[in-house]
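To keep things clear, I will list the structure first and then write my remarks on it.
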């Protein structure tokens, strides 16, 4: 395993399309739930323990060899919002394209054929991580970190927030991110034996509702 690959995959400059998505932050800013660094931190904390946990577990399970079709169906079942499901597949398609260019593999080529419209992003994250020689914990870190770094970066643009404050919010969440990754990897290992029902299904209703409202806006800065 090369840990340098983790830095490449988790880098915000990796061309996986995440820069066009706010992770629900744009809708939260408009609704007044994010107004500065303190509320951004709380938003990211909630996202980490719900959507972030689910994504991290899906990514870890993919690395461990749980069948991609089953994981994709599990991701669908855990994403009630059609707008979020569509966004996850767009991001998965873009990530797969970047992953195939960076770490060519027959497995990623097969996934591209099996999911012409894109698989859910965290499932692809796990498969790309495996192609890069990474393990379950590393894939979970990529997914969990993206669940909070995306909204933080978007909020800097949406509110002209001081980027130092946004980075500080992420740093304060680091211990919780570690715990989420540990839990995600643990349940992913259990899913290898017990199936995808063992994976977490933590819900975030406001994210789902906000995504549906956001998708109907005639003008928006981010795709989701």
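For region 79-92, give me the residue count where each residue is in a helix (DSSP H, G or I) and in contact with a helix residue (DSSP H, G or I) (Cβ under 7 Å, 6 or more places away or on another chain).
Number of matching residues: 6.
Take residue 14 and decide whether it is more than 26 Å from residue 195 (Cβ to Cβ), part of a loop (DSSP other than H, G, I, E, B) and either free of Cβ contacts under 8 Å to residues at least 24 places away in the same chain or in contact with a helix residue (DSSP H, G or I) (Cβ under 8 Å, 6 or more places away or on another chain) (or both).
Taking the combined requirement at face value, the residue satisfies it.
Out of all the residues in region 93-103, is one or more buried (at least 22 other Cβ atoms within 10 Å of the Cβ), farther than 27 Å from residue 210 by Cβ and either touching a helix residue (DSSP H, G or I) at 6+ places or on another chain (Cβ under 7 Å) or touching a residue at least 60 places away in the same chain (Cβ under 8 Å) (or both)?
Within region 93-103, one or more residues are buried (at least 22 other Cβ atoms within 10 Å of the Cβ), farther than 27 Å from residue 210 by Cβ and either touching a helix residue (DSSP H, G or I) at 6+ places or on another chain (Cβ under 7 Å) or touching a residue at least 60 places away in the same chain (Cβ under 8 Å) (or both).
With the condition kept exactly as written, say whether any residue in region 47-69 is free of Cβ contacts under 8 Å to residues at least 12 places away in the same chain and not in a helix (DSSP H, G or I).
yes
Within the set of pairs 6+ apart or on separate chains, which have a first residue in region 74-90 that is under 12 Å from residue 224 (Cα atoms), a second that is at pLDDT 95 or above and surrounded by fewer than 17 Cβ atoms within 10 Å (Cβ to Cβ), and C-beta atoms under 6 Å apart?
Partner pairs satisfying both residue conditions: 81/212; 83/212.
Regarding residue 108, is this residue assigned to a helix (DSSP H, G or I) and surrounded by 23 or more Cβ atoms within 10 Å (Cβ to Cβ)?
no
Give region 17-45 a look and list any residue that's surrounded by fewer than 17 Cβ atoms within 10 Å (Cβ to Cβ) and either within 16 Å of the chain's Cα centre (by Cα) or assigned to a loop (DSSP other than H, G, I, E, B) (or both), or say none.
Scanning region 17-45 gives 19, 20, 31, 32, 35, 36.
Considering (1) farther than 26 Å from residue 104 by Cα; (2) at pLDDT 95 or above, say which one residue 219 fails and leave the rest.
Looking at each condition in turn, residue 219 falls short on (2).
The values are calculated or read from the model by the stated rules, or taken from the named source; none is laboratory data. Everything quoted here is computed from the prediction, not taken from an experiment. For neighbour counting, all protein chains shown are included, and Cβ atoms are generated from backbone atoms with ideal geometry for every residue, glycine included.
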